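K.L.:
I have a structure here, written as structure tokens, and I will follow up with some questions on it.
The values are calculated or read from the model by the stated rules, or taken from the named source; none is laboratory data. Predicted, not measured: the structure shown is a model, and the values here were computed from it. Cβ placement follows ideal geometry from the backbone for every residue including glycine, while neighbour counts extend to all protein chains displayed. Keep in mind that these areas ignore ligands, DNA and RNA; they rest on the heavy atoms of the full protein, side chains included. Shrake-Rupley method; radii C 1.70, N 1.55, O 1.52, S 1.80 Å.
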Amino acid sequence: MATGKYVSDLDVGDKIGPVEYTMSAFVVREYSHANELHHEFLQGIDNPIAPPTLVHLDKLRLYRHGCPLGTGPSARIHYEYDATIHAEVPVGEKLSVSGEVIERYQKKGRDYVVMTIDLRRASDGKLLIAYRDTAILAYRGADSAAA
């Protein structure tokens, strides 16, 4: 198990969380504004909902919780993701997010890690978003292997 260290140390079977937090109007507003999501249901009503892509912040929240030493020796690249939205995430909702590393492999000199993330309503455990993320953790070219 590699939790408690660097993101680049994560390995199959590592579990992070659950981490609980409350979805805030500030986060929804700022994220929506930064991504030019100026829809009424995200910003202009009394009870906005979180944009579905805001789940990416949950991955970062888990990294910060489970890997407090940071990224590691190399920057990571968000490579691919798939999210299934089961229900909207309203502002003010208390949430619980947890993740598990399900795969780690090398391909063409790059280290990949695949993580599943579940975002649930904290009060009853209802699944709101199921998220699968693949990140490239490092690249080692032929020159660096000889060093």
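K.L.:
Tell me which residues, restricted to the range 6-24, are open to solvent by 50 Å² or more (accessible area, probe 1.4 Å) and either modelled with pLDDT under 85 or among the hydroxyl-bearing types (Ser, Thr, Tyr) (or both).
P.N.:
Selection gives 6, 22.
K.L.:
Separate question: Which condition number in (1) touching a Gly at 6+ places or on another chain (Cβ under 9 Å); (2) modelled with pLDDT of 90 or more is the one that residue 47 fails?
P.N.:
(2)
K.L.:
I'd like the full set of residues that are in a loop (DSSP other than H, G, I, E, B) and at pLDDT below 95, limited to the range 117-147.
P.N.:
Within the range 117-147, 140, 141, 147 meet the criteria.
K.L.:
Would you please name the residue that is nearest to residue 20 (Cα to Cα), looking only at residues in the range 93-114 that are more than 16 Å from the chain's Cα centre (by Cα) and without any contact (Cβ under 8 Å) to a residue 60 or more places away in the chain?
P.N.:
105
K.L.:
In the range 117-131, which residue that is surrounded by fewer than 16 Cβ atoms within 10 Å (Cβ to Cβ) and touching a strand residue (DSSP E or B) at 6+ places or on another chain (Cβ under 7 Å) is farthest from residue 52 (Cα to Cα)?
P.N.:
For the range 117-131, the residue satisfying everything is 123.
K.L.:
Moving on to the next point. Could you count how many residues in the range 69-116 are at positive phi and surrounded by fewer than 16 Cβ atoms within 10 Å (Cβ to Cβ)?
P.N.:
Of the residues in the range 69-116, 4 are at positive phi and surrounded by fewer than 16 Cβ atoms within 10 Å (Cβ to Cβ).
K.L.:
Give the range 46-68 a look and list any residue that's open to solvent by 90 Å² or more (accessible area, probe 1.4 Å) and not polar (S, T, N, Q), or say none.
P.N.:
Selection gives 46, 64, 65.
K.L.:
Which one is farthest from residue 49 (Cα to Cα), of the residues in the range 96-116 that are among the polar types (S, T, N, Q) and at pLDDT 95 or above?
P.N.:
Out of the qualifying residues, it is 116.
K.L.:
Further, regarding this structure: Take the residues in the range 48-98 that are in contact with an Asp or Glu (Cβ under 8 Å, 6 or more places away or on another chain) and assigned to a loop (DSSP other than H, G, I, E, B); name whichever of them is farthest from residue 110 (Cα to Cα).
P.N.:
Filtering the range 48-98 for residues that are in contact with an Asp or Glu (Cβ under 8 Å, 6 or more places away or on another chain) and assigned to a loop (DSSP other than H, G, I, E, B), the one farthest from residue 110 (Cα to Cα) comes out as 50.
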